[in-house]
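In what follows, a single structure is set out as structure tokens and then discussed.
Read the figures in this text as sums done on the coordinates, not as results from a lab. Values in this document were obtained by computation on a predicted structure and should not be read as measured data. A quick note on method: Cβ atoms are made from the backbone with ideal geometry, for glycine too, and the neighbour counts reach across all protein chains shown.
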Amino acid sequence: MKIKLPHSTSNWTSLVGATIALISFFMIIFLFAITTFFNQGSSYLGLVIYILLPGFLVVGLILIPIGMFLKIKKEKRLKREEEFKWPEINLNDIRHRNAFIIFAVGTAIFLLISAIGSYEAFHYTESVEFCGKTCHKVMAPEYTAYQSSPHARVACVECHVGTGADWYVKSKLSGLYQVYAVTLGSYPKPIPTPINNLRPARETCEECHWPEKFYDRTIRLEKHYLADEKNSEWDINLSLKIGGSHSAQGLQEGIHWHINPDVVIEYKAADKQRQKIPWVKFTNLRTGKSIIFEDQNNQMKREQLDSMETRVMDCIDCHDRPSHNYNPPAFFVNNAITAGTIPVELPMIKSLAMELCGRDYTSTDTAMIAIRDGIKSFYKEKYPEIISDKNYLVNKAIIGLQTEFKKNIFPEMKVKWNAYPNNIGHLEFVGCFRCHNNNHKSTSGEVISRNCNLCHDINAQGSPDSLQTTTVGNSLEFRHPDGDDSWKEALCVDCHTGLNP
């Protein structure tokens, strides 16, 4: 039976629209089948299937009625019909009946496909692949660091969006600017932090990390290598006081006391990166007692403090790099030597690696060449016997350092360890000493202490052949590898820049 359609469908606009819609529809089905049954594709293919092609499909479908409307309008103008009439639907007319059936069946299929497509598009835009790979150059540092983080199996949206429709909508609206910036290439390098519109950590982090779940003390062994010819090992064994010494104490003491549900800590920051904190307020919710501490070395007028945002301390104020931490060379070179990917047998390799990683490079490829040539030329000039007898160690060191460099330093986006403060600890950044510096005092004379033993005890320290130890429950006074005691008066960050042992 010959299918008859209204004569208004016979126009180039509707024909072009139908062609675009049909091609888009079959391309969606074809690509979806490839990704589903043959497990082929990439982040860009998902972008095409769930976002770009559906857009063309909708445009094509819209063009069909537009073309029909324009043709009817043109015919009426030619016939000089001024009287307005609503379209007539007469199912006794075979042309109307065929058009109605095609419209009804097509609409049902379109709605079904749209529902499936919308569902898949939602999940695709929430996927780690979409977040990390779609804007490849821009998000390469974040995606690379994320893959090596403790949260590598936690989807990006779990932290950046969380549950609920309201924050999902907010995240998509804020993402419009990101799409605009990436499209025009106007994004900053590096991407600035902290993210001001990020969801409060207590609504995301505490989905897994809840304060009522007690964590007691933990042991941490750190291996360091000095920048001398032998790459001398220097170990520190710490007992970190995350919680109290006994489980019955819960969060009454220890590092995580800061998130005790019975305590509220507020602060004001004088800079965008929250590294300078002139004002801290402690409130005990059980007793109602409050204490205000002000930095005596950075005193501010009352009107200045009143103009600053008062922030309630939460997880992210210390754990500000939980998934996107770019380690300094002092850290990742130590780890690589410990893992054996950079041979400790090579003399001066620690010092050489730090020097090479401390330079500024225009691109990753340039850095890879510089690391290869720098290591080869150094040993060829200083230790020619190693080149002739143990060249395999030199090649191993080159590959090991290049691998670690690509995990932590991204010249194209100007991202490296000193681009973003890491507030855990106090070595390369001020960290804990933003408040715990003996300078924050109350009017009654109370001080936010800088005592090292508030957060950890040193159980052992020194080189492996002359390790200084103490008994359980006691703590050693920190001993600097060079024997200098100036650390007692200065901050670690005054000397440690990420390029020190």
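The table below lists the values:
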{"read-out": "Unmet criterion (only one of (1) surrounded by 14 or more Cβ atoms within 10 Å (Cβ to Cβ); (2) assigned to a helix (DSSP H, G or I)) for residue 224", "value": "(2)"}
{"read-out": "Contacts under 7 angstrom Cβ, first residue in the stretch 129-153 being under 19 Å from residue 411 (Cα atoms), partner in a helix (DSSP H, G or I) and of a type in the set (S, T, N, Q), 6 or more apart", "value": "133/43"}
{"read-out": "All positions within the stretch 256-267 that are under 22 Å from residue 321 (Cβ atoms) and over 24 Å from the mean Cα position of the chain (by Cα)", "value": "257, 265, 267"}
{"read-out": "Among residues of the stretch 188-226, those that are among the hydrophobic types (A, V, I, L, M, F, W, C) and over 17 Å from the mean Cα position of the chain (by Cα), counted", "value": "6"}
{"read-out": "Failed item, numbered, when residue 282 is tested on (1) of a type outside the set (A, V, I, L, M); (2) touching a residue at least 60 places away in the same chain (Cβ under 8 Å); (3) crowded, with 19+ Cβ neighbours inside 10 Å", "value": "(2)"}
{"read-out": "Options 242, 236; residue that is in contact (Cβ under 8 Å) with a residue 12 or more places away in the chain and assigned to a strand (DSSP E or B)", "value": "236"}
{"read-out": "When residues of the stretch 138-158 are limited to those that are among the hydrophobic types (A, V, I, L, M, F, W, C) and more than 19 Å from residue 190 (Cβ to Cβ), the one surrounded by the fewest Cβ atoms within 10 Å (Cβ to Cβ)", "value": "152"}
{"read-out": "Checking residue 248 against (1) aliphatic (A, V, I, L, M); (2) in a loop (DSSP other than H, G, I, E, B); (3) free of Cβ contacts under 8 Å to residues at least 12 places away in the same chain, the condition it does not meet", "value": "(2)"}
{"read-out": "Any hit, the stretch 394-411, residues being more than 22 Å from residue 340 (Cα to Cα) and crowded, with 16+ Cβ neighbours inside 10 Å", "value": "yes"}
{"read-out": "Wholly within the stretch 329-421, helices (runs of 4 or more DSSP H) carrying at least 3 residues that are touching a residue at least 40 places away in the same chain (Cβ under 8 Å)", "value": "329-339, 349-357, 364-382, 391-408"}
